[in-house]
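S.K.: Following this message is one structure expressed as structure tokens.
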Amino acid sequence: MNDQTIDTAPRAAAPAESEVAQLVSEITKRLTYSLGKDPSVAQNHDWLTASILALRDRIIDVWRRSTKESYAHGRKRVYYLSLEFLIGRSFADALSNLQMTETMRQALARLGVDLDAIEPIEPDAALGNGGLGRLAACYMESTATTGVPCLGYGIRYDHGLFKQQIIDGHQVESPEDWLSFRNPWEFERRESAYQIGFGGSCAAVNGSAQVNWTPGERVFAVAYDTPVIGWRGSGASTLRLWRAQAVHPLHLEMFNTGDHMGALTERYRAEAISNVLYPSDTSPAGQELRLRQEYFFTSASLQDLLRRHLKQFKDVRLLPDKVAIQLNDTHPALAVAELMRLLIDDHQLDWSEAWSITTGAISYTNHTLLPEALETWPVSLIERLLPRHMQIIFAINAQFLDLVRRSDEHHAADLASLSLIDEQNGRRVRMSHLAFVGSHTVNGVSALHTNLMRQTVFAPLHKIYPQRITNVTNGITPRRWLFGANPKLTALLSDVIGEDVTDDISRLSKALPHARDAAFQERFADIRRLNKERLARTIKQELGLTVDPTMLFDAQIKRIHEYKRQFLNILETIALYDAIRAEPYRDWTPRLKIFAGKAASTYHSAKLIINLINDVASVVNNDITTRDRLKVVFLPNYNVSLAELVIPASDLSEQISTAGMEASGTGNMKFALNGAVTIGTLDGANVEIRERVGEDNIFVFGKTSAEVAREREAPRATEEVIAETPYLADVLEAVATGAFSPTDRNRYAGLIADLRRDDRFMVLNDFRSYRDAQRRVSERWLDRRAWWETSITNTAHCSWFSSDRAVGEYAERIWRIPSREAKPA
Ligand code: 26V
């Protein structure tokens, strides 16, 4: 390690003595008076809470100021409705955004506490499954940073995404419990509680469009607010999460007559709504509880935003001028019917006025085209649970189909495919159609995905509304994913291209001229090395395995899914393993294969793939022939914090989904921004990463989405594909016959038999091309100068993927709200 590197430790200006002393006093005060603990007996956990409370005071000042300011100017606000917010930890992020990390470190040191020791104690708030939820969290931070007045609405789940353990190679789930110690970030707002109705009956009000809905059941939605602070404390957004509570938590009469369980039934039934996050991101969650969750948070949010709007602007007709409602996928799609209901039944507007307000305010983002993830609900279920909404949905559908019949497109139009009701599968409401028809703008999340929306799932609707679909390619917040996760790289970049890169991320391009500079390359490489050493320590702790940080760290970390093709990766790993064993003395590029990710608890094949990765790991890691050339690890319990550790330590980023299936991906952007080189298909935002970094700086392989579509139309015999693909037959045979599962030789027979029957995800079809791309990666690695040039080029070209840019595009083109993000990155 050279001398220059030593000084690439985070180099924040030394905090003023008075600041440190002030913070020491605030933390001590909080410990004593808010937690009732004496410093002499305080545990690390108490110090963490006291520190968060002290920091929170500073955030509240910003929060109040920016909220007040936006109200004072009568600004339009965005309400971001999302069933998921995958926040992760907040303490380090908030400290960094307020430039208080060093002040906090020194203040705690004076109290005998180590900041690095207390940070990991904070629970990783996992109120989301994956990409969709993390995107919502990045956007909250970017609205705060760029000054877009924003309130995010969601559910305050008692239990977030399950915890994953790997026991004997299998995924074992246990409940997550992020609230078990109190959550110091949130404020309960008992005064902001709304009644949410379910069931019951409807009666028409004579001579008007109004209907009286008398729900058979009601629950309360109670608000919990959390401030989200922007970069340099420039602003703060609000995350408002709803918790379900019974209107009558205890039926005392029942209790008194001895029916102790019965006395609590209403309470349990109500509280169940905000009890647990549905742990699947694709398979249909057809259960009634899921629909109750969706309506619960949608209704509470709309009632709340209407109340705020009326309080300030008095006139509900001004809603589209002052309010933008963004639907994060179809989970809040009932908003279309609920807003119509509130406007017509509660505010006495007529249908057409209500409709123009609704469509003027609402817009919808689609995040997946996978047929199994497109939500539909049985008409019978909606009729029973939300009778008034079913009436409204039918009326919207009638009006819409009428318009189609009268339009020029009439002859070409296929009414059955346009209808909000799918009549093929026992009458179901297509939530994507409801969201589409009820929105002024519908967006996809990458250029490719948006085009596929127009050509496939939404083609009939697109024909009717050719202007409605637009693209906003996803983004990620550089604060968490570069400055926070990789402070050393941030310090290096600030040093070489100027501090202001942290305020204007587009300046990252100034690193480009340094990409070939040997001295810069060395500093860049040294930082990667330190990050890899840190990850190696975690691997040692978690798995007891020693890994060599000079190996190529090759990471695939994301939800486990057939379309994401961890299976392809592990099969290729086996081919590599065999090749090394066959010629142990060649100059192999030493690789560490890193996997992490959760499988939905009912997704059998995904769980089997986890099992296979672990089985392969135990064979490979115990083989002395391949000892220093190949290692395989599966890190348990993937979450935001683990991503923050792995990404800055990775050399290679695996983005290998079947083309056409990954709507965007956002992990791909996080890796590239940190200088990891992508091996990937032309899918989602990979296409746009290639456009930016240039085709020499990304390893693209596999069928294109058009080729995949054709192959799926008329598949070739898999035996033919296998026969003409070198090594593939041997790999499949080894897995199928138990080479990696000696104690249970049949374990993977079914998995391989399924693959031989139907290569839906192009694992066989893309194998050869993937293997060739991996070989090109290995060759590039051996040319150290070329490798680091590629790596640095990735960082230099990826600022466009900042969520400030993405939020700026939403603000300008969809929400029509001015933001401070004027400069294109
Ligand atoms: C669908 C369903 C279906 C019913 C069961 C519960 C459930 C939960 C979530 C979803 C939607 C999943 C869609 C999703 O997460 N899409 C991901 O969105 C990311 C942000 O746009 C994008 O980067 C990923 O490519 C995309 O897979």
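S.K.: Scanning for something in a helix (DSSP H, G or I) and touching a His at 6+ places or on another chain (Cβ under 7 Å), does region 268-290 turn up at least one residue?
M.R.: No: zero hits.
S.K.: Residue under question is N668, and the condition is that it be touching a residue at least 12 places away in the same chain (Cβ under 8 Å), crowded, with 24+ Cβ neighbours inside 10 Å and under 17 Å from the mean Cα position of the chain (by Cα); does it hold?
M.R.: yes
S.K.: Another question about this same structure. Can you name the condition, by its number, that G152 falls short on among (1) under 30 Å from Y748 (Cβ atoms); (2) within 16 Å of the ligand (Cβ to nearest atom); (3) in contact with a helix residue (DSSP H, G or I) (Cβ under 7 Å, 6 or more places away or on another chain); (4) not aliphatic (A, V, I, L, M)?
M.R.: Condition not satisfied by G152: (1).
S.K.: Free of Cβ contacts under 8 Å to residues at least 12 places away in the same chain, surrounded by fewer than 23 Cβ atoms within 10 Å (Cβ to Cβ) and under 30 Å from R813 (Cβ atoms): which single residue out of P513, P466 fits that description?
M.R.: Exactly one residue qualifies, and that residue is P466.
S.K.: State yes or no: is V700 touching a Lys or Arg at 6+ places or on another chain (Cβ under 7 Å), among the aliphatic types (A, V, I, L, M), touching a residue at least 60 places away in the same chain (Cβ under 8 Å) and away from the ligand (no atom under 16 Å from the Cβ)?
M.R.: Taking the combined requirement at face value, the residue satisfies it.
S.K.: Specify which of the listed residues (I357, I344, I396) is crowded, with 16+ Cβ neighbours inside 10 Å, among the β-branched types (V, I, T), touching a Pro at 6+ places or on another chain (Cβ under 7 Å) and in contact (Cβ under 8 Å) with a residue 24 or more places away in the chain.
M.R.: Testing whether each residue is crowded, with 16+ Cβ neighbours inside 10 Å, among the β-branched types (V, I, T), touching a Pro at 6+ places or on another chain (Cβ under 7 Å) and in contact (Cβ under 8 Å) with a residue 24 or more places away in the chain leaves just I357.
S.K.: Looking at Q293, is it in a helix (DSSP H, G or I), farther than 30 Å from E173 by Cα and touching a residue at least 60 places away in the same chain (Cβ under 8 Å)?
M.R.: no
S.K.: Pairs only if they're at least six apart or on different chains, beta carbon under 8 angstrom, first in region 429-452 and farther than 14 Å from D329 by Cα, second within 14 Å of the ligand (Cβ to nearest atom) and part of a helix (DSSP H, G or I); list them, first residue then second.
M.R.: Listed pairs, sorted by first residue: S446/V687; S446/E688; A447/V687; A447/E688; L448/V687; L448/S705; L452/S705.
S.K.: Can you confirm whether G426 is more than 16 Å from the ligand (Cβ to nearest atom), on the phi > 0 side of the Ramachandran plot and touching a residue at least 24 places away in the same chain (Cβ under 8 Å)?
M.R.: Yes.
S.K.: Restricting to region 577-613, what's the tally of residues that are over 22 Å from D168 (Cα atoms) and surrounded by fewer than 23 Cβ atoms within 10 Å (Cβ to Cβ)?
M.R.: Final tally of qualifying residues: 13.
S.K.: Can you list residue pairs whose Cβ atoms sit under 8 Å apart, with the first residue in region 306-334 being over 14 Å from A361 (Cα atoms) and away from the ligand (no atom under 16 Å from the Cβ) and the second being part of a helix (DSSP H, G or I) and at pLDDT below 95? Count only pairs 6 or more apart in sequence or on different chains.
M.R.: Qualifying pairs under 8 Å: Q312/Y71.
S.K.: Any residue in region 793-811 that is over 28 Å from the mean Cα position of the chain (by Cα) and in contact (Cβ under 8 Å) with a residue 12 or more places away in the chain?
M.R.: Looking for residues that are over 28 Å from the mean Cα position of the chain (by Cα) and in contact (Cβ under 8 Å) with a residue 12 or more places away in the chain, one finds none in region 793-811, hence no.
S.K.: Hey, among the residues in region 108-128 that are of a type in the set (V, I, T) and more than 14 Å from P39 (Cα to Cα), which one's surrounded by the fewest Cβ atoms within 10 Å (Cβ to Cβ)?
M.R.: Of everything passing the filter in region 108-128, I121 is surrounded by the fewest Cβ atoms within 10 Å (Cβ to Cβ).
S.K.: On the basis of being under 30 Å from H309 (Cα atoms), within 16 Å of the ligand (Cβ to nearest atom), assigned to a loop (DSSP other than H, G, I, E, B) and at pLDDT 95 or above, does L83 make the cut?
M.R.: In short, yes.
S.K.: Of all the residues that make up region 672-721, how many are surrounded by fewer than 19 Cβ atoms within 10 Å (Cβ to Cβ), assigned to a helix (DSSP H, G or I) and over 26 Å from the mean Cα position of the chain (by Cα)?
M.R.: Of the residues in region 672-721, 12 are surrounded by fewer than 19 Cβ atoms within 10 Å (Cβ to Cβ), assigned to a helix (DSSP H, G or I) and over 26 Å from the mean Cα position of the chain (by Cα).
S.K.: What's the number of the condition N765 fails, among (1) assigned to a helix (DSSP H, G or I); (2) in contact with a Lys or Arg (Cβ under 8 Å, 6 or more places away or on another chain); (3) under 30 Å from P371 (Cβ atoms)?
M.R.: (1)
S.K.: Cβ contacts < 7 Å: first residue without any contact (Cβ under 8 Å) to a residue 60 or more places away in the chain, restricted to region 153-175; second residue buried (at least 19 other Cβ atoms within 10 Å of the Cβ) and among the hydroxyl-bearing types (S, T, Y), any location; separation 6+ or different chain. Result?
M.R.: Close Cβ pairs satisfying both conditions: none exist.
S.K.: Moving to a separate point now. Could you please find all residues in region 200-223 being β-branched (V, I, T) and either surrounded by fewer than 18 Cβ atoms within 10 Å (Cβ to Cβ) or at positive phi (or both)?
M.R.: V205, V211, T214
The values are calculated or read from the model by the stated rules, or taken from the named source; none is laboratory data. Note that this is a predicted model, so its numbers are computed, not measured. Using ideal geometry, Cβ is built from the backbone for each residue, glycine included, and neighbour counts are taken over all protein chains shown.
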